[in-house]
1. Check 105, 43, 33 and return the single one that is over 30 Å from residue 226 (Cα atoms), surrounded by fewer than 21 Cβ atoms within 10 Å (Cβ to Cβ) and touching a Phe, Trp or Tyr at 6+ places or on another chain (Cβ under 6 Å).
2. Given the condition outside any strand (DSSP E or B), within 16 Å of the ligand (Cβ to nearest atom) and among the hydrophobic types (A, V, I, L, M, F, W, C), answer yes or no: does some residue in the stretch 263-274 qualify?
3. Residues to consider are 144, 216; find the one that is away from the ligand (no atom under 16 Å from the Cβ) and outside any helix (DSSP H, G or I).
4. Please specify each residue of the stretch 315-340 satisfying the condition of being away from the ligand (no atom under 16 Å from the Cβ) and assigned to a loop (DSSP other than H, G, I, E, B).
5. Kindly provide the set of residues from the stretch 163-174 that are surrounded by fewer than 18 Cβ atoms within 10 Å (Cβ to Cβ) and in contact with a helix residue (DSSP H, G or I) (Cβ under 9 Å, 6 or more places away or on another chain), ordered by number.
6. If I go through the stretch 122-139 residue by residue, how many of them are surrounded by fewer than 24 Cβ atoms within 10 Å (Cβ to Cβ) and within 18 Å of residue 209 (Cα to Cα)?
7. When the stretch 219-239 is examined, which residues are found to be within 15 Å of the ligand (Cβ to nearest atom) and either in a helix (DSSP H, G or I) or under 19 Å from residue 133 (Cα atoms) (or both)?
8. Going through 28, 36 one at a time, which residue ends up being without any contact (Cβ under 8 Å) to a residue 40 or more places away in the chain, in a helix (DSSP H, G or I) and over 30 Å from residue 337 (Cβ atoms)?
Amino acid sequence: MFDTAIAGSLPKPSWLAETEKLWPEWKASGAELDRAKADATLLWLKVQEDAGLDIVGDGEQSRQHFVHGFLARVEGIDFEHKVKRGIRNNRYDAMLPQVVGPLRLAGRVHATEARLARAHTGKRLKFTLPGPMTIVDTVADRFYGEAKEGRIRMAFAFAELLNQEARALEADGVDIIQFDEPAFNVYMADAAEWGVAALERAAEGLQCKTAVHICYGYGIKANVDWKATLGGEWRQYEQVFPALSKSSIDQISLECFHSHVPPDLMKLLDGKDVMVGVIDVASDVIETAEEIAATIGQALRFVPKERFIACTNCGLAPMRREVAEAKLVALSQGAALARQRFA
Ligand code: ZN
């Protein structure tokens with residue numbers, strides 16, 4: 001009861017890449033970089049296991065960014081001529097690669113790190129991929145057209161490629177495949193209208209558990225400032241959860257602790273496993289076991305015990321490494337206290 005897991009990303013060690021950055025530069029190249037990525041993956045597996053987490057992942061150590069890591073292996077994308085654009089409804093600027101032609105996978109994307117992680121842990125292994133709608137929001141397009149129909153066609157084209165990689169990850173022994181869709185909390189009407197359908201296309205045919213992570217973003221300043229404009233009650237989930245509840249996706253990851261999400265919105269996820277964020281990724285303060293157990297107790301008013309998973313609000317990538325390590329330990333201790341209290 002009360003399994004623990006992280007949303008996905010973890011900080012990169014300073015010998016692998018720049019620290020505390022969303023798009024960090026690697027510190028090496030070629031075979032040396034490949035070795036460093038593998039070492040960092042093993043290191044974080046060990047830290048997650050030592051912390052006592054039930055579900056572990058590769059911490060996204062082999063990708064520069066949670067979206068662009070996948071795109072690096074997609075043909076039809078020009079990474080040489082990136083353009084500066086506002087993303088997440090202009091919340092912050094990013095340098096975006098451009099879609100310039102038909103999309104096709106050049107080969108496997110994450111085989112190396114997935115197989116490495118599988119070979120080195122007996123715990124349940126979760127692997128993350130970006131969701132189709134969030135990919136569409138994190139590229140510039142010169143091929144599909146800016147009209148809504150073009151964006152939908154592009155999302156389904158990406159969904160097909162995600163599905164290819166997801167099926168291969170399943171064959172590699174991954175237990176849970178999670179798609180990250182922060183864009184669902186920005187374009188709620190589109191998410192309900194076609195985003196969830198594109199997500200289901202990405203997950204089509206998978207026999208392993210499938211999940212979607214929807215959050216208010218990493219703990220970077222642009223997101224913290226944006227959250228301050230959202231008022232006293234964040235009801236974005238209310239527009240998307242009904243469509244997700246009807247979907248084939250097994251698990252939903254949401255932001256909870258220190259957010260203004262009304263906890264009763266979790267009721268809309270009837271029949272799903274719910275990964276509840278009990279760790280704040282926008283603060284370096286380490287949560288106490290008491291705080292985490294209290295958050296879990298509050299969520300249990302709306303989520304059945306057997307469907308509850310304790311999780312982080314979002315990825316920990318831009319945080320300091322020692323802070324992230326302490327938060328993993330806190331997550332595990334908080335869930336242990338909740339087990340004593342609510343089991
Ligand atoms: Zn997130």
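Taken together, the values in this text are just the output of simple stated rules run on the coordinates, not laboratory data. The structure presented is a predicted model; accordingly, all values stated were derived computationally and were not measured. Because the Cβ atoms are built from the backbone with ideal geometry, glycine has one as well, and the counts that use them run over all protein chains shown.
1. The conditions single out 33.
2. The answer is no, given that none of the residues of the stretch 263-274 is outside any strand (DSSP E or B), within 16 Å of the ligand (Cβ to nearest atom) and among the hydrophobic types (A, V, I, L, M, F, W, C).
3. 144
4. Residue satisfying the conditions is 320 alone.
5. The answer is 168, 173.
6. So the answer is 4.
7. 222, 223, 224, 226, 227, 236, 237
8. The match here is 36.
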